[in-house]
Amino acid sequence: MIANFIKASLLCSAILFGANASAAPLAFVPANDTVGFDGLATNDSWWMGRGITFGVSTRQSLTSIGFEHDLSGVDVTYGLYEITKDSVTLSKGATIASGGATVSTSGREWIDFALDGVFLETGKEYLLQFAFQGNANGNFYYYNDNVMWNQGAFINLDGAMGPEIGNAVVARIRVDAEDAVLGEVPEPGSLALLAIGAAALMRRRSRG
């Protein structure tokens with residue numbers, strides 16, 4: 001969770017809250033609609049949360065999340081959750097990350113939130129969700145018609161609205177992620193050598 005939010009203008013026409021992200025962003029675009037469409041200037045159920053569900057094919061380190069929108073002085077919240085789901089609804093499990101900020105954009109811009117120490121594991125399903133009260137200045141969606149797709153290491157991508165996964169559209173969402181390898185645990189022999197070295201160093205210091 002981000003303790004302090006720092007607003008910064010980026011060359012990619014985005015607003016970033018928190019520390020700078022390190023990986024290149026991946027914008028999720030369904031294969032069956034790469035153009036999308038503009039919606040009305042309403043809340044359009046963002047009060048209940050809109051987002052995207054997915055899994056990963058390899059372990060991922062997540063450094064930022066974001067969505068593209070046109071907002072004026074709106075309090076935005078986000079959440080990243082482990083979930084279970086059936087063909088119609090989802091249920092939230094553990095909260096992996098959450099936070100928010102008051103957001104104003106110059107037209108439609110990316111609104112990104114930096115994360116720290118967040119990892120996505122294979123064999124799990126996730127929901128990345130954004131929410132706000134009040135009306136937007138406009139909405140944008142892709143019409144994927146509930147057809148899941150894969151993109152990079154992210155698999156079974158599909159839009160979600162509140163607890164429903166049966167809605168036919170998905171908002172414009174992106175992440176900064178890269179492959180993450182679990183750290184190797186030193187073998188017992190290596191640990192013994194480290195202990196011997198540390199003891200020798202302490203003896204030298206005590207003699208000095």
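Tabulated data
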{"read-out": "Inter-part distance where the range 43-65 and the range 147-185 are each reduced to a Cα centre, Å", "value": "6 Å"}
{"read-out": "Positive minus negative residues near Ser87 (Lys, Arg vs Asp, Glu; Cβ under 14 Å)", "value": "-3"}
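Throughout, read-outs are computed from the coordinates displayed, never taken from laboratory work. All figures in this text were calculated on a predicted structure; none of them were measured in a lab. All Cβ positions, even for glycine, are placed from backbone atoms using ideal geometry, and neighbour counts span all protein chains on display.
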